[in-house]
Amino acid sequence: MPDYRVHIDKPLPGPERIRRHRDFGGLYATYRAEMRLHFWRNLYRNPRVFAGVAVLAAVVLLVFEASEPPAVPAAAPAAGYDTAAPVWAPATGLPWLSGPDSVQMLAPGAWAHAPLPDTSGLLLRLSGPGGAREPLRQAWAYDTAARRWMPVLPQQVQDTLLTVRKQEAPAQPAARLRRPERPFGVRLRNAADFPQFRRFRTTYWVWTPGSGTQDPWTSGLIAPAGPVWEDVQVKDLGNGTYQLTFYRPDAAGGLKATRVAAQPVFEAATPEAAEAWYQQQLAAWEAAAQPAAPAADTLRSVRTRLRWQLPEGVWLYVIPD
Amino acid sequence: MNPAFRTLTDADLQAEQALVEAAQRNPRRFAPLYDRYYDRIFLFLYKRTDDEEISADLCSQVFLKALQHLPRYRFTGAPFSAWLFRIAVNEVNQYFRQAKRARVISLETVKLRQLVAEADEPRSDAAMQAMIRVLQLLKPEELEYIELRFFEELSFRELGEIYGITENNAKVRMYRLLDRVKALMVKSGLPPADEPAAC
């Protein structure tokens, strides 16, 4: 039997007492607060909304999977790392290497992809005016399976990239090395008449390119046996450069003056000694100018290193110095 | 139909429906409906809880839920109060389920006499006492039905709206319930009357 309490003709609260509890303003404020919560509750309580959110999340995940969005390395920002630059290179529009056994020159700042058989690829970025000649300092690999950037062994990567760099380097002398100019000496007919030139009698000079004067060797002003001059005036131009003004008789009976900008390079008693010095300089220049012949198996060794170093499906991002 | 039960004319219903539609467009316009029905709902709750503060809390819950679900309200021909009573009945039942307190039956002598008359019993004190005992024998949902009909004076259309049944089903249900009351009255020792009374 149910438990009831029975009241018969018990007085009820009057209108005044009831009005004390009536508060539409408070009710409306509570309603507004509840409705705000109601919206968020509906997100997971309402099956339709929940399914919609789940579908939306799945679509976002699929788009993420398809596009493989770039992930900026957490520890990567270093000097020279441009966060605004793309860290992800699409598969098209890039200077791809033409084949697995060939390399090509990469423009500074360009991205390149080296297709390798056991990895998804090697992604390089080169920067700076020197392009590929700039040393590369740090490398990061993007693991497509783990979806994260990870540092790779710096020494291994540097070795690898330096090896690639040798293949990419053009067969031309280094920019700062210049072919040495052939030195020349100055012989006067009557040296005793020109005491001001006495201190330059055993001096050998080298023409200064870009001085506005002609190379005395190519213009025929100087010959291996050496002409004998009537007069030579020496004027100091500063920076170790002198202006030599050669005078010799012309057909009209006057004197013809020819000016050459040159630098004194060494003292030699005989032309043979000067020639020996020149040959030595030339040999040194040629040795420095000739690029090292790439080994036949360079690229193969690069691939081997990468195969050893990077697992399958890894992109390599290199931060240049 | 017994004239004592509250009814609304068609014009009243249309005017009330206009208020409801205005409140559905803008919840701030719910205030007229709130003011119109607050006292009835409050007293309905008070009679069943016998506590002014609890009644006020439950009443706030009733109107808050009404405001929240107002966009889903559809006019079925019954007064808006029927929808409010439906929410109030659910709130009261939920309250007693959670509080595990004894239910309160608040009876008024006048309305109790009317109920006794509806049960074809003589309006004697003995019949009144027997009816009080019989009401305590009823299940909570049966007692609730009788309370809404005889003490809150709701029409069958409103009862149908509250319980989600048709008006005719509400009448049938009431007749069966009165038959049960009569049987319980006979059991309690009062002889049944000869003539049935209209409900």
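The values are calculated or read from the model by the stated rules, or taken from the named source; none is laboratory data. As the structure is a prediction and not an experimental result, all values here were calculated from the model. Glycine gets a Cβ as well: all are built from the backbone with ideal geometry, and neighbour counts include every protein chain shown.
Numbers at a glance
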read-out	value
Matching entry among B:A78, B:A66 (being buried (at least 16 other Cβ atoms within 10 Å of the Cβ), of a type in the set (G, A, S), touching a helix residue (DSSP H, G or I) at 6+ places or on another chain (Cβ under 8 Å) and more than 13 Å from every other protein chain (Cβ to nearest Cβ))	B:A78
The stretch A:216-240, subset within 50 Å of the chain's Cα centre (by Cα) and crowded, with 16+ Cβ neighbours inside 10 Å, residue farthest from A:R182 (Cα to Cα)	A:V234
Among the candidates A:P320, A:P264, A:P311, residue that is modelled with pLDDT of 75 or more and more than 21 Å from A:D193 (Cβ to Cβ)	A:P264
Any hit, the stretch B:144-158, residues being of a type outside the set (S, T, N, Q) and over 17 Å from the mean Cα position of the chain (by Cα)	no
The listed residue being of a type in the set (A, V, I, L, M, F, W, C) and more than 11 Å from every other protein chain (Cβ to nearest Cβ), out of B:L43, B:L58, B:L33, B:L13	B:L13
Subset of the stretch A:1-35 that is at the interface with another protein chain (Cβ under 7 Å from one of its Cβ atoms), within 18 Å of B:E108 (Cβ to Cβ) and assigned to a loop (DSSP other than H, G, I, E, B) - its residue that is farthest from the chain's Cα centre (by Cα)	A:D9
Selected residue (only one of B:L115, B:L135 is crowded, with 16+ Cβ neighbours inside 10 Å and modelled with pLDDT of 85 or more)	B:L135
Search result, residues across the stretch A:193-233 that are over 21 Å from A:P249 (Cβ atoms) and assigned to a strand (DSSP E or B)	A:T203, A:Y204, A:W205, A:V206, A:W207
Any pair with Cβ under 6 angstrom, 6 or more apart, that starts in the stretch B:30-54 at a residue that is more than 13 Å from B:S81 (Cα to Cα) and free of Cβ contacts under 8 Å to residues at least 24 places away in the same chain and ends at one that is outside any helix (DSSP H, G or I) and of a type in the set (A, V, I, L, M)	B:L43/A:L12
Every residue from the stretch B:89-102 that is touching an Asp or Glu at 6+ places or on another chain (Cβ under 7 Å) and at pLDDT 85 or above	B:V89
Only one of B:E167, B:E147, B:E141, B:E161 that is over 16 Å from B:K47 (Cβ atoms), within 14 Å of chain A (Cβ to nearest Cβ) and either in contact with a Lys or Arg (Cβ under 8 Å, 6 or more places away or on another chain) or at pLDDT 85 or above (or both)	B:E141
The listed residue being surrounded by 17 or more Cβ atoms within 10 Å (Cβ to Cβ), facing another protein chain (nearest Cβ under 10 Å) and part of a helix (DSSP H, G or I), out of B:Y95, B:Y38	B:Y38
Members of the stretch A:36-49 found to be more than 9 Å from chain B (Cβ to nearest Cβ) and in contact with a helix residue (DSSP H, G or I) (Cβ under 8 Å, 6 or more places away or on another chain), listed by number	A:N42, A:L43, A:Y44, A:V49
Number of positions in the stretch A:248-265 that are over 25 Å from A:S211 (Cα atoms) and of a type in the set (K, R)	0
Residues that are aliphatic (A, V, I, L, M) and surrounded by fewer than 13 Cβ atoms within 10 Å (Cβ to Cβ), drawn from the stretch A:13-42	A:A29, A:A33, A:M35, A:L37
Enumeration of residues in the stretch A:235-281 that are assigned to a strand (DSSP E or B) and polar (S, T, N, Q)	A:T241, A:Q243, A:T245, A:T258, A:Q263
Within the stretch B:104-138, considering residues that are of a type in the set (D, E, K, R) and assigned to a helix (DSSP H, G or I), the one farthest from the other protein chains (Cβ to nearest Cβ)	B:E118
Odd one out for A:P173 among (1) at pLDDT below 70; (2) crowded, with 16+ Cβ neighbours inside 10 Å	(2)
